[in-house]
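Undergrad: Attaching a single structure in structure tokens format; questions to follow.
Please treat every number below as a calculation from the coordinates, not as lab data. On a predicted model such as this, the values are computed, not experimentally measured, just so you know. Virtual Cβ from ideal backbone geometry, glycine too; neighbours counted across all protein chains shown.
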Amino acid sequence: MREALLQAEFVERLASLGIVARMTGDGVIVGNDAGGEALVRIVDAGTGAPRAVANALLRQGEQKYTFVLVADHFGRQATGVLGDSRTSYMDDQVLDLRIPNLGLRVRAERAQRAVPLARGRVQLSGAAGAVVLALLHSPNREWKVTDLADFSRVSAGTAHTVLVALEAEGLVAGSGSGPLRRRVLVDKSTLLDRYARDAAKDRRVVGSGYVLDEGPEVTLRTIQARLDGAEDAPRGIGLVFTGVAAAQLLAPHLTEVTRYEAWVTTPHRTDYVLRAMGAQDVVSGSNLTLLSGGLNRLWPHDTSAMPVTVAPVASVFRIYADLLADSLRGEEQAEYFRRTVIGF
């Protein structure tokens, strides 16, 4: 699986530079403008540690074929060794390729670091999770990398790496080549399973408190009204509700709400957010949890399409993931929410 993933990533990186390449059973065939072709073999250097690089180079010995050393990330020492040995390499930031018999010399750097190349599978948390949310919200759309990046509010490098990884797993399918290549989601149920499992890594608790529980609709409307009138917050407090309270707004037959969860998406102090919400800072008996996270990891779609008017809520897929993280009947509630609201 990893070898196929690395080959696909290599082909896509070349395509983004206008270089024609295709995968074969022996490696990757790379062509030039004159019609020449050369076989390039991908050599996996794992995490890119200096020892792994040295061992990989030793294994290649005096081989005559062209090879590219690929790793999650090469540090300064490793890139020094690769440069001294004039070895082609690729990691999350740089593609440095030499194919002398084609007269091809390429060095391309990404402007910002993308999702690391996965050891088998890409982790669908953080910025990668934002890409997945976009795919899940528009499962029939054929995405170009740049369009998906803009919609998800991530770098093109991140969107590209996630798409290549998901295509290698068979979760998305691609058509076309180079800048015109498009991909569409083909297994949304499995992708949701993968996302929900990995998205738990995004959950970073930054505070807790107690709010008067008058049911989710009244409680969230009251909190939002207080936030809208909060002083000393020129940009406003960004709060997106999730978990069982948010789920109740969309699937009212869930269990009685006793807990509230919200993602804080603006850089305000936790104590100020709690006061603005009208929450009490308690040592025990809290029913409110505050989480910290970027807006694109929660709500990457058109907010006007959300069937909620009382307060902002997270993506239904983020809500599902957060329900699964609830230790009290979380799995039961998550499955009911998935069946009645998500539908797959």
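Undergrad: What does the extension gain come out to for Met23 and Ala108, with contour length at 0.36 nm per residue minus their alpha carbon separation? Could you put the intermediate results ahead of the total?
TA: Numbers: separation 85, 0.36 × 85 = 30.60 nm, distance 2.05 nm.
The Met23-Ala108 span can extend by a further 28.5 nm.
Undergrad: Rank the residues Glu37, Glu261 as a footprinting-exposure proxy: fewest other Cβ atoms within 10 Å of their Cβ go first. It would help to have the intermediate numbers written out before the result.
TA: On the way: Glu37 15, Glu261 25.
Fewest-to-most ranking of Glu37, Glu261: Glu37, Glu261.
Undergrad: Turning to a different aspect of this structure: Considering every pair of different Cα atoms, what Kirkwood radius, in Å, is found for the chain?
TA: Roughly 22.2 Å, rounded to one decimal.
Undergrad: Taking the beta-carbon count within 10 Å as an exposure proxy, list Arg338, Arg221, Arg181 from fewest neighbours to most.
TA: Numbers: Arg338 22, Arg221 15, Arg181 19.
Ordered by Cβ neighbours within 10 Å, fewest first: Arg221, Arg181, Arg338.
Undergrad: Moving on to the next point. In whole Å, what three semi-axes, largest first, describe the equivalent ellipsoid of the stretch 126-199 built from its Cα gyration tensor (square root of 5 times each eigenvalue)?
TA: 17, 14, 10
Undergrad: Could you give the length gained on full extension between Arg86 and Asp33, defined as 0.36 nm per residue of separation minus the Cα-Cα distance, in nm?
TA: 16.7 nm
Undergrad: Ok, one more. How would you rank 77-84, 155-162, 45-52, highest first, on the average number of other Cβ atoms within 10 Å across their residues?
TA: Averaged packing, sorted descending, gives the order 155-162, 45-52, 77-84.
Undergrad: With a point put 7 Å past each Cα toward its Cβ, work out how far Tyr210 is from Thr146 in nm, to one decimal.
TA: Calculated label separation equals 5.6 nm.
Undergrad: Let me ask something additional. Can you give the local net charge around Arg98? Use residues other than it whose beta-carbon is closer than 11 angstrom to its beta-carbon, Lys and Arg +1, Asp and Glu -1.
TA: Counting the neighbours of Arg98, the net charge comes to +2.
Undergrad: Still on this structure, please answer the following. Return the whole-Å distance between the Cα centroid of the stretch 1-68 and the Cα centroid of the stretch 125-166.
TA: 25 Å
Undergrad: Please list the equivalent ellipsoid semi-axes of the stretch 145-185, computed as the square roots of five times the alpha-carbon gyration tensor eigenvalues, in descending order and whole angstrom.
TA: Gyration-tensor ellipsoid for the stretch 145-185: 16, 12, 8 Å.
Undergrad: Divide by every residue of the chain the summed helix terms, -39500 (n - 2.57) for each DSSP H run of at least 4, and state the resulting mean residue ellipticity at 222 nm, rounded to the nearest 500 deg cm²/dmol.
TA: -11000 deg cm²/dmol
Undergrad: Ranking Asp91, Asp281, Asp72 by Cβ neighbours within 10 Å, fewest first, what do you get?
TA: Sorted ascending by nearby Cβ count, the order is Asp281, Asp72, Asp91.
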